[in-house]
Amino acid sequence: MFERIREVLLEYVDVEKEDITPDTRFLADLKMNSLDIMTMIGQLEDEMDIIIETEDLNSIFTIRQLVDYIEERV
Amino acid sequence: MDLSKLYIPTEDVENFNVLYQIVEHATKKYPDKTAYCQPEGRNGDSEISFSELRSNIDALRASLFSRGFKNKHIAILGESSYQWMTVYLAVVSGVGVAVPMDKENPVQTVGKQLDHSDVECVFCSARCVKKLQSVLPFCPKIKTVVLMRTDLEVDMGEVETLYFDALIGEGKALIKENGSAALPETNDPDLLRVIIYTSGTTGANKGVMLSNRNIMGTLRGCARLLHYPKTSISVLPINHSYELHAHLMSSMYCGTTVFMNDDLKHMLKNIERFAPEMSCMVPMMLDLIVRKIKKQIADGGKEKKFAATAKISNALLKVGVDLRRRLFAPVLAVLGGNLRMIICGGAALSQETADFLRTVGITVYNGYGITECSPVAAVNPLAKVRRFSVGHLLPTMTARIADPDENGNGEIQLFGENVMLGYYKAPLDTKQVFTEDGWFRTGDIGHIDKFNYLYINGRLKNLIILPNGKNVCPEEIEVALKKKIPYIKECVVVADESNTGIYALVYPDPEQMRDLQLETPGEIKAYMENDVQAFNRDMPGFKRIADFEIVSQEFAKNTTHKIQRFKIAAVRKKEEPVNV
């Protein structure tokens, strides 16, 4: 799951693949803006056929937290 | 410049002074055309024509009127939908005062605004029911909730619960029985009809009071400079004056079919699916579109081919041959293939982004506005886009530059029918934003060229304007952060250079740090991380702290002990320590 999310992330940020780890933070480390995050979430929803509630994103700051959230629902 | 070439003839709208005249105009001119189309989840899409829309607006006016809602304050809390538009247009058409709410705001803010604006009735979508239920105990003035887009049974406690569809049915029966006598008068152009909350030019949350005439000032002004094509997509929050008036109401005047994007998450997907010709956006969205196009080019290994084609296309364009739509058709297909016009506002636009989009065949019409001006003050006209300018002043608006410097830059002040009635229940705040001779002080610095095009250079106040158009008052975040994390002694909130996020510079209380045996900035930061995350959970996305930095000395202050922000901003640019 981490690998899959990392692949999708690379479509939105200009960093080296190796620099993205489970503890990487979307805002602080990747400097993603809210629209990038929302669009990426929409893409993950389509690819994995799940619904990620916008409110739940309030508690997701790192890739590890997103992986855990999605794994619980897939 | 020959104004007859710049201005679009608009005799039909010249005498309009209430929004309901736009509804009548669209119904008369485009009765069977689809006004709105919106996704309904697994049920596909639903549509409504201009004549059906008017019939529903009238029905709601009749039912609200008969139920005694005349002159009541009525809030709308929900995502973009034609039901939302129906409520808005019904309320402002002779019923009462519409209060569009930002559904993304935290519960406390929603509660405060509902109470402050004296709302007695709330139209609420299914998605916002939970939020409304949490604020109702703190809003004793609310007597009625009307549920939109749902027939779910919801417990609202003591508050009367009604259903949108039932009110429409009731209103249609009233009109059938009593004809136009069932409807309230709409001839009230100068009465307070809308309250929209904004961070305003001075930061704190204020309710901007608008009349029908104010809003019509924007609509008539825009109609002279722009004409919208047949299809558009609504991607910005509907409660924002920019989306609501400059996009949705202007679209209605032009007979444009608007596709309602159901969620920001689906924006790109819906643009591709609905294939609109235009949209109104904020710079952040344009940047995303540019990245998407560039990625598509890179994935196909066609960077060199693209650069060569762009060079030829731009050269041809200079001699009047426009082949962009044909040459870049594969690139534009990712946006549905029809997108050719984007109105941009809300924040500073990068000229590079606008130039790239122009190269592939999408013209960006940059504009400038402020909620207090209903909201548009200037926009680049169809006839002539000027690079770096935020547009030509609306013909319904006059501007002047106060105390200009040697380059002609000074505070932009505006006068005209677009300018608000004032801030709701805040006469002192209202007084502050008007000059003694009645001009509205925007707080923005800029100049006007000889052709009446406006250019923005900066801001007088500390307000941070993010690329998504959201305004962040740094002082508000600083107060909230210190309240949530009591061991912060001082903090300053800033935006990074590209304005993508909000950052905090934190000076922790040294005594408490000693007690906790935290010595280095690294140790303190690690300790504080969880508390900042907890703070972020309670804040709307655009007000979250992306990252923070620990500083080891108090911030420089002036004689009245106020932190000197300009010093921090200047030092940060040089990447030197902040506490000098």
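Within the range B:451-507, track down each residue that is polar (S, T, N, Q) and closer than 20 Å to residue B:549 by Cβ.
Answer for the range B:451-507, where residues must be polar (S, T, N, Q) and closer than 20 Å to residue B:549 by Cβ: B:462, B:498, B:499, B:500.
Given the criteria touching a Gly at 6+ places or on another chain (Cβ under 6 Å), of a type in the set (A, V, I, L, M) and touching a residue at least 12 places away in the same chain (Cβ under 8 Å), does residue B:282 qualify?
yes
Looking at the range B:422-436, is at least one residue closer than 22 Å to residue B:219 by Cα and among the hydrophobic types (A, V, I, L, M, F, W, C)?
no
Please enumerate the residues belonging to the range B:1-36 that are acidic (Asp, Glu) and farther than 24 Å from residue B:96 by Cα.
B:2, B:11, B:12, B:14, B:32
Hey, among the residues in the range A:39-73 that are of a type in the set (Ser, Thr, Tyr) and either at positive phi or touching a residue at least 24 places away in the same chain (Cβ under 8 Å) (or both), which one's nearest to the other protein chains (Cβ to nearest Cβ)?
Checked the range A:39-73; the qualifying residue nearest to the other protein chains (Cβ to nearest Cβ) is A:39.
For the range B:201-318, give me every one of the helices (runs of 4 or more DSSP H) that falls completely inside it and has 1 or more residues that are hydrophobic (A, V, I, L, M, F, W, C) and closer than 30 Å to residue B:429 by Cβ.
B:212-225, B:283-299
Any chance you could count how many residues in the range B:165-200 are part of a helix (DSSP H, G or I) and of a type outside the set (Asp, Glu)?
Of the residues in the range B:165-200, 15 are part of a helix (DSSP H, G or I) and of a type outside the set (Asp, Glu).
Read through the list (1) closer than 18 Å to residue A:34 by Cα; (2) more than 13 Å from chain A (Cβ to nearest Cβ), then give the number of the only condition that residue B:256 fails.
So the condition that residue B:256 fails would be (1).
Restricting to the range B:392-450, name every residue that is touching a Gly at 6+ places or on another chain (Cβ under 8 Å), polar (S, T, N, Q) and in contact (Cβ under 8 Å) with a residue 12 or more places away in the chain.
B:396, B:398, B:409, B:418
Consider the range A:1-38. How many of its residues are buried (at least 17 other Cβ atoms within 10 Å of the Cβ) and of a type in the set (Asp, Glu)?
Counting residues in the range A:1-38 that are buried (at least 17 other Cβ atoms within 10 Å of the Cβ) and of a type in the set (Asp, Glu) gives 2.
So how many residues does the range B:455-498 have that are outside any helix (DSSP H, G or I), of a type in the set (Lys, Arg) and in contact with a Phe, Trp or Tyr (Cβ under 6 Å, 6 or more places away or on another chain)?
Looking only at that region, the number is 2.
Looking at this structure, is residue B:339 aliphatic (A, V, I, L, M), at pLDDT 95 or above and either in the same structural domain as residue B:358 (by TED's automatic domain parsing) or in a helix (DSSP H, G or I) (or both)?
yes
Could you please give the count of residues in the range B:384-420 that are out of contact with any Asp or Glu (no Cβ under 7 Å at 6 or more places or on another chain), small (Gly, Ala, Ser) and at pLDDT below 95?
The qualifying residues number 1.
Can you say whether residue B:485 is under 22 Å from residue A:62 (Cβ atoms) and more than 14 Å from every other protein chain (Cβ to nearest Cβ), as far as the supplied structure shows?
Yes, satisfied.
Collect the residues in the range B:290-329 that are more than 14 Å from chain A (Cβ to nearest Cβ) and crowded, with 16+ Cβ neighbours inside 10 Å, keeping them in residue-number order.
Result: B:306, B:309, B:310, B:313, B:324, B:327, B:328.
Collect the residues in the range B:451-471 that are within 14 Å of chain A (Cβ to nearest Cβ) and closer than 25 Å to residue B:381 by Cα, keeping them in residue-number order.
B:465, B:466, B:467, B:468, B:469, B:470, listed by residue number.
Provide a single number: the residues in the range A:1-38 that are within 14 Å of chain B (Cβ to nearest Cβ) and more than 18 Å from residue B:546 (Cα to Cα).
4
Restricting the range B:517-549 to residues that are more than 14 Å from chain A (Cβ to nearest Cβ) and either of a type in the set (Phe, Trp, Tyr) or not in a loop (DSSP other than H, G, I, E, B) (or both), which is surrounded by the most Cβ atoms within 10 Å (Cβ to Cβ)?
B:524
Among residues belonging to the range B:38-67 that are among the charged types (D, E, K, R) and in contact with a strand residue (DSSP E or B) (Cβ under 7 Å, 6 or more places away or on another chain), point out the one that is modelled with the highest pLDDT.
Going through the qualifying residues, I end up with B:47.
Among what's in the range B:20-62 and is buried (at least 21 other Cβ atoms within 10 Å of the Cβ) and touching a Pro at 6+ places or on another chain (Cβ under 7 Å), pick the residue that is farthest from residue B:80 (Cα to Cα).
Looking at the filtered set, the residue picked out is B:61.
The values are calculated or read from the model by the stated rules, or taken from the named source; none is laboratory data. The model shown is predicted, which means the values in this text are computed figures rather than measured ones. For neighbour counting, all protein chains shown are included, and Cβ atoms are generated from backbone atoms with ideal geometry for every residue, glycine included.
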